[in-house]
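Trainee: Mind having a look at this structure? Questions to follow.
The values are calculated or read from the model by the stated rules, or taken from the named source; none is laboratory data. This structure is a prediction, so every number in the text was calculated from the model and none was measured. Here Cβ is always computed from backbone atoms with ideal geometry, including for glycine, and neighbour counts include all displayed protein chains. Each accessible area value is taken on the protein alone, full model and side chains, heavy atoms only, with ligands, DNA and RNA left out. Shrake-Rupley method; radii C 1.70, N 1.55, O 1.52, S 1.80 Å.
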Amino acid sequence: MSKKGKILVLVSPSGGGKSTMTKRLLNDFDNIRFSVSATTRKPRTGEEDGVHYHFLSKEEFQERIDDGDFLEWEEFYNGTLYGTLRSNVEKELEKGYFILLDIEVLGALNVKKIFGDEALAIFIQPPSLDVLKERLLKRGTEDVQTLETRIDRAKKEMAYANRFDNVVINDDLEEAYSQIKELVTNFITQ
Ligand code: ADP
Ligand code: 5GP
């Protein structure tokens with residue numbers, strides 16, 4: 001590959017479907033690489049360090065902020081930090097890969113500010129807050145308090161939908177994925 005790559009961003013409230021769509025895109029496109037973020041939250045069952053996230057202590061995360069290692073970073077809830085590592089992104093872009101970010105709204109807005117038309121940001125919208133809550137409950141990854149915090153935040157995040165390049169409603173999974181796949185195909189072949 002000779003061409004310099006571009007950025008793909010999937011953005012949504014927690015539980016909107018980013019991980020699900022990410023998995024499918026990585027499976028369908030061999031020129032897309034996942035940007036493994038850093039976070040201070042604890043790993044969930046099945047999550048591997050360096051694969052799903054780089055799991056850092058607060059001190060380690062702060063050091064990396066001070067060293068300027070993040071392209072963007074945000075506090076998601078109660079002091080829990082998440083950030084995109086600059087080196088990962090730059091390395092893959094140089095190789096000509098498209099790099100896929102699964103991040104929340106404020107980080108995604110920052111990425112759009114930095115990369116403009118070199119980034120495609122798709123907002124994945126759940127059909128309703130009730131459905132979102134149901135899906136988060138069913139996923140079973142959050143305790144009651146974290147779940148409530150995520151839902152509260154989701155209410156605010158939904159208002160940002162039209163700030164992104166496209167909005168895809170994730171009601172029927174196959175339908176939503178096929179829309180995302182088409183948007184991604186158009187972007188990476190243009
Ligand atoms: P996010 O990564 O945005 O937090 P996930 O991809 O983990 O969201 O999705 C949250 C939960 O909802 C997961 O358990 C996933 O399997 C489920 N899910 C995602 N999309 C749909 C859909 N269209 N219909 C039903 N369940 C879905
Ligand atoms: P979770 O704890 O569910 O994995 O992630 C919580 C939220 O943080 C999700 O909306 C996820 O997309 C977002 N997130 C993950 N990595 C990053 C990152 O590097 N930067 C930003 N801004 N948000 C991120």
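Trainee: Checking the structure you have, find out if any residue of segment 114-128 is hydroxyl-bearing (Ser, Thr, Tyr), assigned to a loop (DSSP other than H, G, I, E, B) and under 14 Å from the mean Cα position of the chain (by Cα).
Mentor: Pass one, segment 114-128, residues hydroxyl-bearing (Ser, Thr, Tyr): 128.
Filter once more, so that each one left must be assigned to a loop (DSSP other than H, G, I, E, B): 128.
With under 14 Å from the mean Cα position of the chain (by Cα) added as a condition, the list becomes none.
Within segment 114-128, not a single residue is hydroxyl-bearing (Ser, Thr, Tyr), assigned to a loop (DSSP other than H, G, I, E, B) and under 14 Å from the mean Cα position of the chain (by Cα).
Trainee: Here's another thing I want to ask about it. Output yes when any residue across segment 129-137 is more than 16 Å from ligand 1 (Cβ to nearest atom), assigned to a helix (DSSP H, G or I), aliphatic (A, V, I, L, M) and open to solvent by 10 Å² or more (accessible area, probe 1.4 Å), and no when none is. Write out each step before concluding.
Mentor: Step one: list which residues in segment 129-137 are more than 16 Å from ligand 1 (Cβ to nearest atom), which gives none.
Within segment 129-137, not a single residue is more than 16 Å from ligand 1 (Cβ to nearest atom), assigned to a helix (DSSP H, G or I), aliphatic (A, V, I, L, M) and open to solvent by 10 Å² or more (accessible area, probe 1.4 Å).
Trainee: Looking at segment 31-63, which of its residues are open to solvent by less than 80 Å² (accessible area, probe 1.4 Å), in a loop (DSSP other than H, G, I, E, B) and farther than 19 Å from Val111 by Cα?
Mentor: The answer is Asn31, Thr40, Arg41, Pro43, Arg44, Gly46, Glu47, Gly50, Val51, His52, Leu56, Ser57.
Trainee: Identify the residue in segment 157-190 that is within 16 Å of ligand 2 (Cβ to nearest atom) and assigned to a loop (DSSP other than H, G, I, E, B) and, among all such residues, is surrounded by the most Cβ atoms within 10 Å (Cβ to Cβ).
Mentor: My answer is Asn170.
Trainee: Select from segment 73-115 the residues that are near ligand 2 (Cβ under 7 Å from one of its atoms) and open to solvent by 10 Å² or more (accessible area, probe 1.4 Å) and list them in ascending order.
Mentor: Scanning segment 73-115 gives Trp73, Glu74, Phe76, Tyr82, Asp102, Ile103, Glu104, Leu106.
Trainee: When you check Glu142 against the structure, is it among the charged types (D, E, K, R), open to solvent by less than 90 Å² (accessible area, probe 1.4 Å), within 15 Å of ligand 1 (Cβ to nearest atom) and without any contact (Cβ under 8 Å) to a residue 40 or more places away in the chain, yes or no? Let's see the steps before the verdict.
Mentor: Numbers: among the charged types (D, E, K, R): yes; open to solvent by less than 90 Å² (accessible area, probe 1.4 Å): yes; within 15 Å of ligand 1 (Cβ to nearest atom): yes; without any contact (Cβ under 8 Å) to a residue 40 or more places away in the chain: yes.
So Glu142 fits the description; yes.
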